[in-house]
Amino acid sequence: MEWQQIQYFQVVARVQHITRAAEVLSISQPALSRSIARLEEELEVPLFEREGRTIRLNHYGELFLERADRILKEYQEVKQEIQDLLNPEYGEISLGFMPTLGTYLIPDLISSFRATYSKIDFRFKQNANDLLIKQLKSNEIDFCLVSSIESNTRVEWTELWKEDIYHQQLNDSNSLP
């Protein structure tokens with residue numbers, strides 16, 4: 001069975017006339033008749049009741065049309081999903097980050113990004129630095145925000161910011177009892 005046969009069947013079922021269906025499909029009437037006959041042979045049942053030049057679906061044809069509609073709808077939907085993923089305006093990004101960034105940085109970052117790219121979805125993974133790098137290498141995530149990266153790691157990276165860490169040293173006179 002071929003996609004084209006299912007599409008042809010769908011048009012014939014709706015038009016209920018082989019010659020008119022052939023015109024709609026821009027193919028010859030004999031080619032359309034052969035395609036429908038091959039489909040019926042493969043299914044081992046007639047799909048239409050023939051009444052002169054007019055045809056109408058029988059019980060088997062109605063059942064097959066119901067499924068054909070679903071099959072072709074699913075096909076169109078997955079085709080569109082794939083096109084959306086290929087389109088830079090659509091798609092999904094999996095982002096890994098350390099839990100400490102999830103409370104302040106990630107919400108602001110995603111909000112800013114979505115202001116420009118509203119049709120992109122995100123999947124989030126929170127993990128420790130080393131596990132995020134492993135997930136990145138195994139393609140479980142597309143990007144990650146980590147605190148540091150070893151120089152021998154074969155990962156393309158860009159430093160986004162530096163934070164200075166300060167601590168106050170207490171001397172004996174200032175120490176608490």
- Message: Given the criteria at pLDDT 90 or above and not in a helix (DSSP H, G or I), does residue 27 qualify?
- Response: yes
- Query: Residue check: is residue 125 free of Cβ contacts under 8 Å to residues at least 40 places away in the same chain, more than 13 Å from the chain's Cα centre (by Cα), on the phi < 0 side of the Ramachandran plot and part of a strand (DSSP E or B)?
  - Reply: yes
- Query: Among the residues of segment 29-68, how many are open to solvent by 50 Å² or more (accessible area, probe 1.4 Å), out of contact with any Ser or Thr (no Cβ under 8 Å at 6 or more places or on another chain) and farther than 16 Å from residue 4 by Cβ?
  - Reply: 14
- Task: State yes or no: is residue 65 of a type in the set (A, V, I, L, M, F, W, C), part of a helix (DSSP H, G or I) and at pLDDT 95 or above?
- Result: yes
- Message: I'd like the residue in segment 128-147 that is free of Cβ contacts under 8 Å to residues at least 40 places away in the same chain and of a type in the set (Gly, Ala, Ser) and, out of all such residues, is surrounded by the most Cβ atoms within 10 Å (Cβ to Cβ).
- Response: 128
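The values are calculated or read from the model by the stated rules, or taken from the named source; none is laboratory data. As the structure is a prediction and not an experimental result, all values here were calculated from the model. Cβ atoms come from the backbone with ideal geometry, glycine included; neighbour counts cover every protein chain shown. Remember, those area values only see protein heavy atoms, side chains included, never the ligands or the DNA or RNA. Shrake-Rupley method; radii C 1.70, N 1.55, O 1.52, S 1.80 Å.
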